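The values are calculated or read from the model by the stated rules, or taken from the named source; none is laboratory data. Note that this is a predicted model, so its numbers are computed, not measured. Cβ: placed from backbone, ideal geometry, glycine included. Neighbour counts: every protein chain shown. SASA here: full protein model, heavy atoms, side chains in, ligands and nucleic acids out. Shrake-Rupley method; radii C 1.70, N 1.55, O 1.52, S 1.80 Å.
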Amino acid sequence: LVNGNHEQAALANLNDKPDNPAVLAGRARTAYFPLPEPGAFYSGDAQEVPGVGRPRDYYAWTWGDALFVVIDPYWHSPVTVDNEAGSRAKGGKNKAERQAEKQAAGGKGGGGKRDLWKATIGDEQYHWLKKTLTESKARWKFVFCHHVLGTGRGGIEEAGLYEWGGQDKNGRSLFAEKRPGWELPIHQLMVKAGVTIVFQGHDHLYARQELDGVVYQSCPNPADPTYQTFNREAYRSGDVLPNSGHLCVTVSPESVRVDYLRSFLPADEKGEYKNGMVAHSYTITAK
């Protein structure tokens, strides 16, 4: 399970009230989902969140030929990464404070003119990620996150930005200034470590892209009876297909194969469109 932008399990929502959204969401995640804690088999977030305990938000393990790495920007960013309007209100801010935040964000709640250099996975998670990726001897390395940067739309279209890619929206390379002590932006770190695929959600469509040898795979909505291609305009390249369905990833020592299996309601199975059909496949061979 990957922490997402709608869950409100985020540091920016945390305050001293026991019923604020961050605490409620954090407790629900750890109570109802079998999330890993660091130990003999898993590595991950050992820090504790007041009122929650260990959030179990980022973690990694090795199984067979593959390293699995889950990362999370929300519990470690001092500012809201996404979905600011509403969630902060429940956290105890008054109307004047919320209005001031809205104006500072360009008048659009969580969007507008926010400085996304202030949103971050945090130093501790970054250094854990670097250690985990670079020290692993696994042939295949998979990274899972809710979304590149934790906000916005698209895959590789966002991968060059801020702490993920090192540049701002104007193309200025500010990484060394904004992230002192970090060796490389996240994307460049993954390239250096030989990451195979980055799996992300958020955009509710199937999209396969590649950047510098790293595949960025957006996962489809598994239960969309409208069979739409949501947020298609955000993807300027790659293989993009409509909903619904899920991915089947087959790992062997020689290769990784990804199949997109479509889901159709019985009434919607027509002609070539069959429930369980393979709509798209690709294979990555060992280097």
* To do: Report the one residue of 248, 215, 237 whose Cα lies farthest in the direction of the positive end of the charge dipole of the chain (charges on C-beta: Lys and Arg +1, Asp and Glu -1; origin at the Cα centre).
  => 237
* Structure fact -> Result for the chain: accessible area per residue, probe 1.4 angstrom, in square angstrom, of 49
* Asked: log₁₀ I(q)/I(0) of segment 193-274 at q = 0.26, 0.27 Å⁻¹, via Debye over equal Cα point scatterers, no solvent, to two decimals?
  -> -1.29, -1.34
* Mind checking the angle between helix 21-32 and the chain's longest principal axis? C-alpha axes, 0 to 90 degrees, to the nearest 10. -> 40
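Over segment 184-287, what is the relative contact order in whole percent, taking alpha-carbon pairs under 8 Å and six or more residues apart? Don't jump to the answer; show the numbers that get you there.
On the way: 207 pairs, mean separation 20.0, N = 104.
Worked out over segment 184-287, it gives 19 percent.
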* Using the Karplus curve 6.51 cos²θ - 1.76 cosθ + 1.60 with θ = phi - 60°, work out ³J(HN,Hα) for each residue of segment 211-218 in order, rounded to whole Hz, and write x for Gly and Pro. => 9, 6, x, 9, 7, 9, 10, 8
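For the chain, with all protein chains present and a 1.4 Å probe, just round the carbon and sulfur fraction of the accessible area to a whole percent. Could you put the intermediate results ahead of the total?
Values: 7320 of 13940 Å².
Reported share for carbon and sulfur atoms: 52 percent.
Would you check segment 137-287 for Lys pairs whose C-alpha atoms are within less than 24 Å, ignoring same-chain pairs closer than 8 in sequence, and give me the count? Let's see the in-between values first.
On the way: 137/192; 137/287; 141/192; 141/287; 169/178; 169/192; 178/192; 192/287.
Within segment 137-287, the lysine pair count is 8.
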* **For peptides 245-258, 69-82, 168-181, sequence by mean Cβ density within 10 Å, most packed first** => 69-82, 245-258, 168-181
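Any idea what the relative contact order of the chain is, in percent, if you count C-alpha pairs under 8 Å spaced at least 6 apart? Write down the numbers at each step before the final one.
On the way: 576 pairs, mean separation 35.5, N = 287.
Relative contact order for the chain comes out at 12 percent.
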* Structure fact -> Dividing the surface of the Cα convex hull of the chain by four yields a projected area in nm² of 16.6
